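Undergrad: Let me give you the structure first, and then I'll get to my questions.
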Amino acid sequence: MAGTSGHCRKRICSVLVAELLLQLVVTLAETPLPGHSIDKVPDINRLAQMWFLSGTVMPSHRSLILTPGVADRIGTLFNRYPILTNDFEVSFTFSAKRNASSTTNVENDGFAFWYVKENATEALREPSIQHTHNQDKLIAGSWHTDYAKDGLGLLGYKNHFNGVGVFFLNTKEGKTVSLKANDGSLTPEIGNGLPDKNQLHFDYQNGEDNWVKIRVTPETIEVTVGSSGVLRLDRKNEPGGYIGFSCRGADQGSERSAVVELKGLKITNFATGAGEESIAKAEPAKPLTDAEKEDMLSAHSSFKDHRDESEAIKELTNMVFKLIVETKPAQNQMVQALEALSTRITKVESSFDLLKAEIDKKTGHKLAQEFESIKKELVDIQGFATKDTTDRGKKLESLHADIEHAHRTAASGNDLTGSLDNLHDSSNKVLEQLQGEHKRMFGISIVAIAFILVAGLSLYNKFRCWEKKHVL
Ligand SMILES: *[C@@H]1O[C@H](CO)[C@@H](O)[C@H](O)[C@H]1NC(C)=O
């Protein structure tokens, strides 16, 4: 009996252990790929080590800015190393906030998530040095033509890409998210093949934090855009793809487009094997030259700190250069806007003077002066009317008091009572008449004032109308 129960216990134990192991394997299978992930506030060193950044892409203290909303500029962000699995999930949060003060409708801006076969860094490195970061070409405005000539005409990456793109586009047809695959044989452009029919209508420029999940399996790709919907594509996916983002502000000459920020990117491996090279190994080990060997020695010397410092200063200098280059267009736009405004004001002023002169000539009157004198008269009249009314009121009061006095005196002496009463009555009548007259006069002066006010206001309105019609 004891033997049987012991055997049972052993079996239960082994089942439990097996289950635990299975659980462990499942958990192990979902591993994050830190070399391909970016924190909400990016770690600059990790970013520089694992990613290739060009153009408008810039880390800030709160996110990774893909574009600060400058028209006719592109930015790219690609991982330097492949994802070694074809069973993984990409999840990222972004916000795109359009420029509230734009008066015209900015179009043809957007950004894309890429999952491509080639080492995109390799493909973008030369063109970005030649064109995107070329000061002369930036100033001349010719950089994008040359960049597109290199086949990089699709939001800063290749039209004839080999892989999959998730496109967030703002076009005439509205704002969409679409999913498109290409084996390098198609050359889609925005407005010609893009947005793809496999699309969701979604205002991705809503200024909010939107999340996106892209699940890649060996056979499919599934894109979930927040709670707005899901896009699916059946497609053979090979391990060894490169991921990244690219974006483009609106067409040349447009106003500022939306500011796009990446607020965290996380890649999770669902396969059991390694999903990426370990970060430490990712740094390619170059054979050392003699000079570098020397460097290795000195790296451990007491001057190491200085060397690190100057390295950091070099990085900083590069960053500052990028910053200046990328904010230049915005500065130029501001200067232009200010200049345009001041010339407009000058024009308005001079045309106002011209108009005044014209009116004076045509009517033979000095309108402005006349208006002034009308105003003055109005004030004078009002003054007179008020004074007059008060004076008359005072006189009436004293008259009233006199009569009252007489009445009282008369009442004390009996003889005269009758005749004085009569006098009192008749004087009361006179008083009433006078009061009536006084009221009428007051009314008339009010009407006069009102009339003059109305006339003045309508004249003033006339001026306002001219101003509105931009005659002045
Ligand atoms: C991809 O290209 C870049 C730039 O040439 C290079 O630094 C990087 O090592 C390449 N990646 C791989 C895995 O070869």
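Undergrad: Bin by bin, in steps of 10 Å, what percent of the Cα pairs in region 166-213 do you find, going until the bin that has the longest distance?
TA: 25, 52, 21, 2
Undergrad: Express in nm, to one decimal, how much length is gained between Leu459 and Gln49 on full extension, taking 0.36 nm for each residue of separation and deducting their alpha carbon distance.
TA: The span from Leu459 to Gln49 would gain 140.3 nm if fully extended.
Undergrad: Stretched out fully, how many nm does the piece from Arg125 to Ala340 gain, at 0.36 nm a residue minus the Cα gap?
TA: 73.6 nm
Undergrad: Hey, another quick one. What FRET efficiency do you get for Glu107 and Asp183 if R0 is 35 Å and r is their Cβ-Cβ distance, rounded to the nearest 0.05?
TA: 0.75
Undergrad: Let me ask another. Looking at this model, which pairs from Lys175/Lys266; Lys40/Lys266; Lys236/Lys263; Lys158/Lys180 are more than 19 angstrom apart at the alpha-carbon?
TA: Lys175/Lys266; Lys236/Lys263
Undergrad: While we're here: Taking a spot 7 Å from the Cα of Arg392 along the direction of its beta carbon, which residues of region 443-467 have an amide N less than 13 Å from it?
TA: 443-448
Undergrad: Can you order the peptides 70-78, 231-239 by their average number of other Cβ atoms within 10 Å per residue, highest first?
TA: Per-residue Cβ counts within 10 Å, averaged per peptide and sorted highest first, yield 70-78, 231-239.
Undergrad: Among the GluC sites (Glu not before Pro) within region 99-182, which fall in a DSSP loop and have no more than 12 other Cβ atoms within 10 Å of their own Cβ?
TA: Glu173
Undergrad: If you average 1/r over every pair of different alpha-carbon atoms in region 200-267 and take one over that average, what Kirkwood value in Å do you get?
TA: 14.6
Undergrad: Also, I was wondering about something else. What is the calculated FRET efficiency for Ser91 to Val17, with r their C-beta to C-beta distance and R₀ = 35 Å, to the nearest 0.05?
TA: 0.55
Undergrad: What aspartates and glutamates sit close enough to Lys213 to cross-link, taking a C-alpha to C-alpha distance under 20 Å and skipping anything fewer than 8 places away on the same chain?
TA: Excluding near neighbours in sequence, the set is Glu30, Asp39, Asp87, Glu89, Asp196, Asp203, Glu222, Asp234, Glu238, Glu261, Glu276.
The numbers here are math on the coordinates, done by the rules we state, and not lab data. Computed from a prediction, not measured in an experiment: that's the story for all the values here. Quick reminder, even Gly has a Cβ in these numbers, built from the backbone with ideal geometry, and neighbours come from all protein chains shown.
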